[in-house]
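The values are calculated or read from the model by the stated rules, or taken from the named source; none is laboratory data. Quantities reported herein were computed from a predicted structural model and do not represent experimental measurements. Positions of Cβ are backbone-derived with ideal geometry, glycine not excepted, and every protein chain shown enters the neighbour counts.
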Amino acid sequence: MGVSVAEKYLPANAGRLEERSDFMPKCDVCGNEYDKAFQITQGGKTLTFDSFECAIHEMAPTCAHCDCKIIGHGIEVGGALYCCAHCAQHEGGTKDRA
Ligand SMILES: [Zn+2]
Ligand SMILES: [Zn+2]
């Protein structure tokens, strides 16, 4: 009756939300600010990403044969990384028999 709905939805801590927005993490790849960004540490370097797409773009190794991003375990042959057994065999096979 006397209490309006608006008062309920305007709590005293409304100002705190603005403070928190200053803390918004920023993607190191695309520069997008996103409150659910995450960090990945690789080789002592920590980077912040807003999406796995950006993380893969920056951190995933590249297949030595087909140049695609390796987002699975990959296969290492003679110091080179491959996305799949097919690529590893193709490349390793030609080198071994050359
Ligand atoms: Zn991004
Ligand atoms: Zn490949």
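The figures follow:
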quantity: I40 vs. criteria within 16 Å of ligand 1 (Cβ to nearest atom), β-branched (V, I, T) and assigned to a strand (DSSP E or B); calculated: yes
quantity: Residue count, segment 49-70 (criterion: more than 16 Å from ligand 1 (Cβ to nearest atom), surrounded by fewer than 18 Cβ atoms within 10 Å (Cβ to Cβ) and either at positive phi or of a type outside the set (S, T, N, Q) (or both)); calculated: 4
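A quick yes/no check of all residues on (1) touching a Phe, Trp or Tyr at 6+ places or on another chain (Cβ under 7 Å); (2) at pLDDT 60 or above; (3) farther than 24 Å from I70 by Cα:
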| site | (1), (2), (3) |
| --- | --- |
| G15 | no, no, yes |
| E19 | no, no, yes |
| F23 | no, yes, yes |
| G44 | no, yes, no |
| L47 | no, yes, no |
| H57 | no, yes, no |
